[in-house]
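Here is the structure we will look at, set down as structure tokens.
The values are calculated or read from the model by the stated rules, or taken from the named source; none is laboratory data. Please read these numbers as outputs of a predicted model, since none were measured by experiment. When we count neighbours, we look across all protein chains shown, and the Cβ atoms used for this are built from the backbone with ideal geometry, even at glycine.
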Amino acid sequence: MRDNQGVDVAIVGGGVIGLAVAWRARLRGLSVCVLERDVAGHGTSRVAAGMLAPVAEAEFGAAGRRLLRLGRHSAGLWPGFARELEAATGTYVGLIKSGTLLVARDGDDAGELDRQLAFRESLELPVRRLRPSEARELEPALAPTVRLALVAPDDCSVDPRLVLTALLRACRSAGVQLREHTPVSDIELAADGTSQRVTGVTLDGGERVSAGQIVLAAGAWSGGIGGLPPNARVPVRPVKGQILRLRDPHGPGLLRQVVRFRGGYLVPRGDGAYVLGATVEERGFELAPTAGGMYELLRDAHGLVPGVSELQIEELSVGLRPGTPDNVPTIGRAASVAGLIWATGHYRNGILLAPLTAELVVSMLCGCETDPLLSGCAPERFSAVPA
């Protein structure tokens, strides 16, 4: 087995989470190697729509409240994160305060929106109810049949592809080792008293990469990496999402805000481009697009924004979101394996949570374990769940 010169940190996964952690860790003086199974920045993160919308996406239940807390904290970090990334690379990342309009198309949807409004008001979130005429005044392209709307004015969006381009430049400029087409087969462990400690990883070709600490940020593939004892594993599943990228040949203007509806959303980029997404399908690692999935998205979007039918199709993409049993990310140290940090399971919120995840993980890499935000993301909450 070939070995190489060791690094302080090996990061498994070159999506938005892995790259953000790598950049921040390198700035703290750690030597870092990113190991990406395919092409860095070209996986699920590249497919994402880029909504930074913790208020619009707030969910009921204890898990939903934990995710809301993480999302609002990370949304607050995004302006500074974007400025620093742009200053380091000269690359604009497309961060805009777009606001989100949640729209009801019929009586059932309107009843659900009222329920959602009451829930958000109980949490003192910035959101307000709009009559149909008020909604169409904000967005004239909405269909006259709209029944009700809510507006979350503080929500933002970012272009994930610009963010990934900037992160790759920042990592290379900072001296991060980026190794693409380099699948990791196993985490290597050694005895450390009564427990175990990571010593590195083994690649598919047999090469060994030595590392003092390992960050597992491989998205939907995180749970399939070998070498870990059962009590140190985290159950992560792939959730398929199909998404369309559209363009108005006449330029921007159809929509100014993100429009969300039952089953999908439409995100304006500001340059005449729009992102329409996304299906939610439990189909394992299947990546084939389907006519049915696209038909449903286009049908529902057209019913609320008829002008969608005039847009040109630029790209149909499929991504695999990494979901956990409670759909809250796993960020934290493995309790039974020293030196192993999980940073995966971000489901639909990888772009939103990237700055916060990087901050939390790098703090752990540098020896600080006290952030209260980690309590809701601990890997050991799944100790009784089969991986």
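For (1) closer than 30 Å to ARG105 by Cα; (2) of a type in the set (Lys, Arg); (3) surrounded by 15 or more Cβ atoms within 10 Å (Cβ to Cβ), each residue gets a yes or a no:
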residue: ASP204; (1), (2), (3): no, no, no
residue: ILE214; (1), (2), (3): no, no, yes
residue: VAL236; (1), (2), (3): no, no, yes
residue: VAL239; (1), (2), (3): yes, no, yes
residue: PHE261; (1), (2), (3): yes, no, yes
residue: ALA278; (1), (2), (3): yes, no, yes
residue: GLU281; (1), (2), (3): yes, no, yes
Give me the strands (runs of 3 or more DSSP E) completely within the stretch 50-158, filtered to those with at least 1 residues that are surrounded by fewer than 17 Cβ atoms within 10 Å (Cβ to Cβ), ordered by residue number. 128-130
Please go through the stretch 1-20 and pick out each residue that is part of a helix (DSSP H, G or I) and aliphatic (A, V, I, L, M). VAL16, ILE17, LEU19, ALA20
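Count, please, the residues in the stretch 21-42 that happen to be in a loop (DSSP other than H, G, I, E, B) and surrounded by fewer than 24 Cβ atoms within 10 Å (Cβ to Cβ). Outline the logic, then answer.
From the stretch 21-42, those in a loop (DSSP other than H, G, I, E, B) are 28-31, 36-42; that's our starting set.
Retained after the next criterion (residues that are surrounded by fewer than 24 Cβ atoms within 10 Å (Cβ to Cβ)): 28-31, 37-39, 42.
Number of matching residues: 8.
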From the list THR44, THR100, THR91, exactly one residue is in contact (Cβ under 8 Å) with a residue 12 or more places away in the chain, out of contact with any strand residue (DSSP E or B) (no Cβ under 8 Å at 6 or more places or on another chain), closer than 22 Å to CYS156 by Cα and among the hydroxyl-bearing types (Ser, Thr, Tyr). Which is it? THR91
Residues ALA335, ALA358: which one is within 18 Å of GLY50 (Cβ to Cβ) and not aromatic (Phe, Trp, Tyr)? ALA358
Can you list residue pairs whose Cβ atoms sit under 7 Å apart, with the first residue in the stretch 169-180 being without any contact (Cβ under 8 Å) to a residue 24 or more places away in the chain and the second being of a type in the set (Lys, Arg) and loosely packed, with under 15 Cβ neighbours inside 10 Å? Count only pairs 6 or more apart in sequence or on different chains. none
Could you list, ordered by first residue, the pairs with Cβ atoms under 8 Å in which the first is in the stretch 130-145 and under 14 Å from THR100 (Cβ atoms) and the second is of a type in the set (Lys, Arg), at least 6 apart or interchain? LEU138/ARG256; GLU139/ARG256; LEU142/ARG136
Select from the stretch 159-188 the residues that are part of a helix (DSSP H, G or I) and basic (Lys, Arg) and write down the one among them that is nearest to VAL275 (Cα to Cα). ARG161
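Every residue, every condition in (1) in contact with a Lys or Arg (Cβ under 7 Å, 6 or more places away or on another chain); (2) at pLDDT below 95; (3) of a type in the set (Lys, Arg), yes or no:
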| site | (1), (2), (3) |
| --- | --- |
| LEU266 | no, no, no |
| ALA288 | no, no, no |
| GLY293 | no, yes, no |
| VAL308 | no, no, no |
| GLU314 | yes, no, no |
| ARG321 | yes, no, yes |
| THR324 | no, no, no |
Residues of the stretch 191-236 being of a type in the set (A, V, I, L, M, F, W, C) and at pLDDT below 95, in sequence order, are ALA191, LEU228, ALA232, VAL234
Which ones in the stretch 298-342 are closer than 20 Å to ILE243 by Cβ, hydroxyl-bearing (Ser, Thr, Tyr) and touching a strand residue (DSSP E or B) at 6+ places or on another chain (Cβ under 7 Å)? SER317
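So which residues in the stretch 291-306 are over 21 Å from TYR347 (Cβ atoms) and surrounded by fewer than 17 Cβ atoms within 10 Å (Cβ to Cβ)?
Applying the first criterion (over 21 Å from TYR347 (Cβ atoms)) to the stretch 291-306 yields 291-292, 294-295, 298-306.
Across the stretch 291-306, the qualifying residues are ALA291, GLY292, TYR295, ARG299, HIS302, GLY303, PRO306.
Determine whether the stretch 217-233 contains at least one residue that is over 25 Å from SER45 (Cα atoms), hydrophobic (A, V, I, L, M, F, W, C) and in contact with an Asp or Glu (Cβ under 8 Å, 6 or more places away or on another chain). Walk me through how you get there before you give the answer.
From the stretch 217-233, those over 25 Å from SER45 (Cα atoms) are 227-232; that's our starting set.
Within this subset, residues satisfying the condition of being hydrophobic (A, V, I, L, M, F, W, C) are 228, 232.
Now drop any that are not in contact with an Asp or Glu (Cβ under 8 Å, 6 or more places away or on another chain), which leaves none.
The answer is no, given that none of the residues of the stretch 217-233 is over 25 Å from SER45 (Cα atoms), hydrophobic (A, V, I, L, M, F, W, C) and in contact with an Asp or Glu (Cβ under 8 Å, 6 or more places away or on another chain).
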Within the stretch 359-384, can you find the residues that are without any contact (Cβ under 8 Å) to a residue 60 or more places away in the chain, of a type outside the set (A, V, I, L, M, F, W, C) and assigned to a helix (DSSP H, G or I)? SER363, PRO372, SER375, GLU380, ARG381
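Here is a yes/no grid of residues against (1) farther than 24 Å from VAL93 by Cβ; (2) surrounded by fewer than 23 Cβ atoms within 10 Å (Cβ to Cβ); (3) charged (D, E, K, R):
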residue	(1), (2), (3)
ARG321	no, no, yes
ASN327	yes, yes, no
ARG333	yes, yes, yes
THR344	no, no, no
LEU352	no, no, no
LEU356	no, no, no
Residues located in the stretch 222-265, provided they are charged (D, E, K, R) and either over 17 Å from the mean Cα position of the chain (by Cα) or within 22 Å of ILE331 (Cβ to Cβ) (or both): ARG233, ARG237, ARG245, ARG247, ASP248, ARG256, ARG260, ARG262
